[in-house]
Amino acid sequence: MSDREGSVVLTNAEVLQLQAEVDRLAARNAALQLQHELLASWVITARMTTASNLMLRALTQQILESLQSLCQAEQGSIFLLDAQGQATECLLARGSTIREQKREIVNQILQEGLAAWTIQRREIALVTDSMDDERWLQLPNQPYTVRSALCIPVQRGKRLLALVTLMHSQPHYFGPGSVEQSHVAAEAIALSLENAMLYQTLSTPDNPHESAPSEAPSLPSVGSSFSDDSVVSGISNPASSIADQRTLEDTGLLIATAEGRLRYVNRAFAQIFGYRRRDLAKIESILDLIPVDYQAALAHKLEHCIRSYEHPLTCISVGRHRNGQLMSLEFYAERIHFSGEPGVIGLVRRVDLLPSPEASYNG
């Protein structure tokens, strides 16, 4: 028997079938990784604060960031929906807008165009070229160009939990592969989102039927929160003073990459440093908000935190307000994986004491 006679020759149809199976398995693996990332970051946020609305907001941001990264989209928006189909939380591609204007835009998006089509049919909508698709709604004063779009429903059973729209300036950018990836990812996202929404419902004080949980959920792979490292610069356990707060009006939440690039901050974080949130997206690293004398100390702690789940970052350091004023800050952060890469999720609060650079570092 020759080598040729003993070999297996696949037809073109079989090759295509195998490639489709490989793509399906790759999409499933990416979805499972995404689900783990979302669960890990949500659990860590829950352990650090009882403000369930803040947990849900951070999760919303991460869902949008993850889907944009998965499909390589340029812009994206996301709406969390209640049982009546009303938006309870949203992030628009155009960024921050005046509240009344934002309400009008959200209502228009959900009632017209591609979003309305997706809500009605509960299936992913693919726009290959917005110039030839009447479902695409051109919004007034839109600060970006859209030629391709995906509108993705996130649902559990019959309940529509969220609606995500991904956009790109090139026509025919998204295709069947993007639709398949989005479909599998949406199934994974739905489970994490449903759990977070349920937790928020149970944590709401004015819920007449349920009381708030006494403890936030835990994640076996994440180390216990406050270690011996939590006594810094003569301040006993600064992390617990943050985590025990019942409100976060003056506490900043951040998600950053291993390089220190800010991927998400809440309004309180921006206000602490005197910026608008969209301005902070332009800085290279969170270290740019720290005076030079203190940057090495915080960088050392960030690196140590990212290397191990067992060592959360807990310290007092110094920040610089946009107006140049120095201020003492409490930092608490834990490692997460964000879009497949290591990073940190943490809290920051302004305090009165200004430590020395040596005290901050040696803590």
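Based on other C-beta atoms within 10 Å, arrange 183, 168 from fewest to most.
Exposure proxy ranking, most exposed first: 183, 168.
Annotation for segment 73-145: trypsin sites (Lys or Arg not before Pro) lying in DSSP loop with at most 14 further Cβ atoms inside 10 Å of their Cβ are 122. Separation of segment 58-77 and segment 254-277, taken as the distance between their Cα centroids, equals 17 angstrom.
Counting 0.36 nm for each residue step from residue 300 to residue 323 and taking away their Cα separation leaves a gain of 5.7 nm. Projecting label points 7 angstrom from Cα along Cα→Cβ for residue 120 and residue 307 puts them 5.8 nm apart. Compared with the direct C-alpha span, the chain from residue 187 to residue 141 gains 13.2 nm at full extension, assuming 0.36 nm per residue. A straight chain from residue 285 to residue 267 at 0.36 nm per residue would run longer than the Cα-Cα distance by 4.7 nm. Taking the number of Cβ atoms within 10 Å of each Cβ as an exposure proxy, the fewest-first ranking of 308, 317, 77 is 308, 77, 317. In plain terms, the residue of 330, 134 with the fewest other Cβ atoms within 10 Å comes first and the most crowded comes last, giving 134, 330.
Read the figures in this text as sums done on the coordinates, not as results from a lab. What you are looking at is a predicted structure, and each value in this text was computed from that prediction instead of being measured. No Cβ is skipped: glycine too gets one built from the backbone with ideal geometry, and neighbour counts run over all protein chains shown.
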